[in-house]
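J.: One structure, pasted below without further comment.
Laboratory data are not the source of any read-out in this text; all were calculated from the coordinates shown. Predicted model only: the values in this text are computed from it and were never measured. Backbone-built Cβ (ideal geometry, glycine too); neighbour counts: all protein chains shown.
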Amino acid sequence: MAQYKCVPVGSLVATAKNFTLETGANTYQNIINQQASAGWELVTIYPVTLNKKSGCLASIFGKGDASATFDMLVFKIG
């Protein structure tokens, strides 16, 4: 029976001061290679957005809703 594993890659990759496309690609490559060496096979990459509604107090002080976007790498073994 196959097992699946989800590994999030945070948005911090793209917001780092010295971010380049090469840095971002290397981050993904390192995660994929690390999981592959443990026997996991990459199945897909999904973009995920999480939204959090601001509470009553935050709304009073003009804080809006918050959201975070990241990629979810899905691996399979077996």
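J.: Based on other C-beta atoms within 10 Å, arrange Leu73, Leu42 from fewest to most.
T.: Lowest to highest Cβ neighbour count: Leu42, Leu73.
J.: Additional query: Can you work out the Karplus-derived ³J(HN,Hα) for every residue in the range 22-38? Use 6.51 cos²θ - 1.76 cosθ + 1.60 with θ = phi - 60°, whole Hz, and x for glycine or proline.
T.: 5, 4, x, 5, 5, 4, 5, 4, 5, 5, 5, 5, 4, 5, 5, 5, 8
J.: Provide the three semi-axes, in whole Å and in decreasing order, of the ellipsoid equivalent to the chain as defined by the square roots of 5 times the Cα gyration tensor eigenvalues.
T.: Working through the eigenvalues yields semi-axes of 32, 18, 7 Å.
J.: Here's a follow-up. Under the 0.36 nm per residue contour assumption, what length would be gained going from the current alpha-carbon distance of Thr49 and Asn26 to full extension?
T.: Roughly 6.0 nm would be gained on extension.
J.: To continue, here is another question. Going by C-beta contacts inside 10 Å, put Glu22, Glu41 in order with the fewest on the left.
T.: Ordered from fewest to most neighbouring Cβ atoms within 10 Å, Glu22, Glu41 come out as Glu22, Glu41.
J.: Further question on the same structure: Return the loop-located trypsin sites (Lys or Arg not before Pro) in the range 40-78 (DSSP other than H, G, I, E, B) with at most 15 other Cβ atoms within 10 Å of their own Cβ; answer none if there are none.
T.: Listed in order of number, the matching sites are Lys53, Lys63.
J.: Give the order of Phe70, Phe61, Phe75, Phe19 when sorted by the count of other beta carbons within 10 angstrom, beginning with the fewest.
T.: Phe61, Phe19, Phe70, Phe75
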